[in-house]
Amino acid sequence: MGGARRTAGRILGILALAAVVLWFFESRTGLSTKRYRTWNWYHYYVGSEYFPELGYFDLYEQTIAAQREDGGKLAKLPRIRDLETRRVVPVRASDPYVRSEAFTDARWERFKRDVELLARTGSEKFWRGVLLDRGYNPSPAWDAVAAQVSHRVDLANPSHVRAVKLFDMVGLVAVGLALAAAFGVEAALLCGAALLAFPPNPPRYLGGFLQYDWLYLILLVPVLLARRRHGLAGFALGWAAIFRIFPAVLLGGFVARAGFALWDEGRIPRRHLALFGGFALACVLGLGAGLSRPHGAQHWREFAENISLHNDEMTYGNGRVGLKHVFTRELGAPGAPGDAARRRNLAEQYPLYLATAGLLLGLLALALRSRDDVDSYVLATVAFFALTVASHYYWSVIALWPLLGRTRAPPSGGWRAAGAAAVALVPTALWYAYSRNVRDEYLRYVFFEWCLLAAFLSLLAALVAADLRAAGGLRAWLARRGRGEDPPARGDAPGPRHAVGPPS
């Protein structure tokens, strides 16, 4: 029976890989076309290539200046967002949009050419939306790495663009194969399904400029944990955090595990020290990479200012995911509130938000006591949901959830794995069903957040109840040592890949 199941899994894996490769070539922005995601390339390619001249705040104004010199269509846009104040301002013919002194003649000519090449790929209506966005926001560390690519890319060369488009495709396949090797084909296919079905991803997954590098690092962490490469796992998570900041929240699962070990055993396990060391090393290297850019330390100060403005707006936007975002809408009220009403609603309902976040985090803390490192890492996404509001596509981290319970041998991990797969897929399925009748993006994501909240509460409560029952009650559970376990490294012992490892 086991052999037949493995054979079926391999067949499914081959078919899935073939379907993904076909999609890579034949989709709208696939390798067989010259199209790419203009919105993404404008912000991330232009933003990284010309950051020394533009910084975080001059991209839109300099775009208007460049288009005015050449009589481009973007010069006619009626409004843009002022990236320093975040206010939408009118573009008047009398306004002095002129070339920044930071540009040399050669760099200005190249900037004008790149803006014009991008402008041709979208209508004026499309560009009205682009220049009302929030600008270029990655950390100086990501900017330093991305600049090494953008400096070598000629936007007018289709081969260069195709090579960059290939990056996310190769990353997806490589991480998928690594997950299959560590956790089995079934788990890898579920992770892939959760990722590719997640609402923001289908239109943006292909044809972007290095858009998902942080996600591959996040998905690589459990693979390294399963092989007891904790130092490398910490390093991968540290790079993801220095690139996009929010992955630092996922370190909380390991901090909780180390805390329980210190309480129960009087020491922090060596593997956690290695993980924290790897995380710190990546952050130090990323900080240094950011300092190497032309603005130096000022780059990080500008980033802190920019991201502070950005995060404040994130809470009240449309395509957002986070518990706090739920309470920007008055419970039971019809329709989508305006910006001022969202701020008022959150202020009035803040005690309810705190109570709900406290319940989630309390259940999470109880559940983490008996989890292994892989499960603790997956469950840390609950803290990400409870404490932050993130751009919707950052919630691609939901692809981690099919890995919950996969490092435990059946029957102990069976229902946990099934419940985790439901968390990864059911809220997304409900989102699609709800969206058939509701077109407003804000309402769609508030609904999705309610689905996530219900799923998280249900599974956490089930995990805690099972732990208490296994321990013989709350008093016995509090008195005993934590029994979070880690899987053996590949090749450590014979038998199934997912057999339960020794107590930590």
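We did not get these values from a lab; they are worked out from the coordinates using the rules stated. Note that the coordinates shown come from a computational prediction; the quantities given were computed from them, not determined experimentally. Counting neighbours? That spans all protein chains shown, and the Cβs are built from the backbone with ideal geometry, glycine included.
Among the listed pairs K125/K165; K73/K324; K76/K324, those with a Cα-Cα distance over 31 Å are K73/K324; K76/K324. For segment 164-479, a crude dipole built from +1 on the beta carbon of Lys and Arg and -1 on the beta carbon of Asp and Glu, taken about the Cα centre, is about 520 debye to the nearest 20. Put +1 on the Cβ of each Lys and Arg and -1 on the Cβ of each Asp and Glu in the chain; which of T104, F51, A141 then has its Cα farthest toward the positive end of the dipole? About the Cα centre, the residue reaching furthest to the positive side is A141. The packing ranking, built from the mean of other Cβ atoms within 10 Å per residue, places the peptides 59-72, 91-104, 183-196 in the order 183-196, 59-72, 91-104, highest first. PRE reach from N311 (point 7 Å along Cα→Cβ): which of segment 231-268 fall under 16 Å by backbone N? From segment 231-268, the list is 241-252. Length available on full extension from A248 to V438: 0.36 nm per residue minus the Cα-Cα distance, which gives 65.0 nm. Multiplying the residue separation of R162 and D133 by 0.36 nm and removing their Cα-Cα distance gives an extension gain of 7.9 nm. Once the Cβ-Cβ distance of E69 and V284 is raised to the sixth power relative to R0 = 60 Å, the FRET efficiency obtained is 0.90. Legend: translational diffusion of segment 38-154 by Stokes-Einstein, Rh = Kirkwood radius over C-alpha pairs, 25 °C, 0.890 mPa s; D = 172 µm²/s. Label point of K76 set 7 angstrom out along Cα-Cβ; within segment 117-159, amide nitrogens under 16 Å from it belong to 119-129. In degrees from 0 to 90, rounded to the nearest 10, what is the angle of the helix 38-49 Cα long axis to the longest principal axis of the chain? The angle comes out near 80 degrees.
Derived from the Cα gyration tensor, the three semi-axes of the equivalent ellipsoid of the chain are 41, 26, 23 Å, largest first. Separation of segment 215-238 from segment 341-401 is 21 Å, based on Cα centroids. Considering helices alone, the calculated mean residue ellipticity of the chain at 222 nm is -20500 deg cm²/dmol, with DSSP H runs of length four and up weighted by -39500 (n - 2.57) and normalised per residue.
Dipole orientation for the chain: of the candidates L387, F126, S94, L387 has the Cα lying most toward the positive pole (charges on Cβ; Lys, Arg +1; Asp, Glu -1). When the alpha-carbon atoms of segment 160-313 are used, the pair Rg, Dmax equals 17.6, 55 angstrom.
Taking Cα centre as origin and charging only the Cβ of basic (Lys, Arg, +1) and acidic (Asp, Glu, -1) residues, the dipole magnitude of segment 38-154 rounds to 520 debye.
Put simply, when 415-422, 438-445 are sorted by average Cβ atoms within 10 angstrom per residue, most first, you get 415-422, 438-445.
Footprinting exposure proxy ranking of Y377, Y316, fewest other C-beta atoms within 10 angstrom first, gives Y316, Y377. Can you tell me the FRET efficiency between R120 and V98 if r is taken as the Cβ-Cβ distance and R0 is 22 Å, rounded to the nearest 0.05? Taking R0 as 22 Å, the efficiency between R120 and V98 is 0.40. Projecting the Cα atoms of L478, G362, A256 onto the charge dipole of segment 164-479, computed from C-beta unit charges around the Cα centre, puts L478 farthest toward the positive end. Treating r as the C-beta distance of E348 and R152 and R0 as 60 Å, the FRET efficiency rounds to 0.70.
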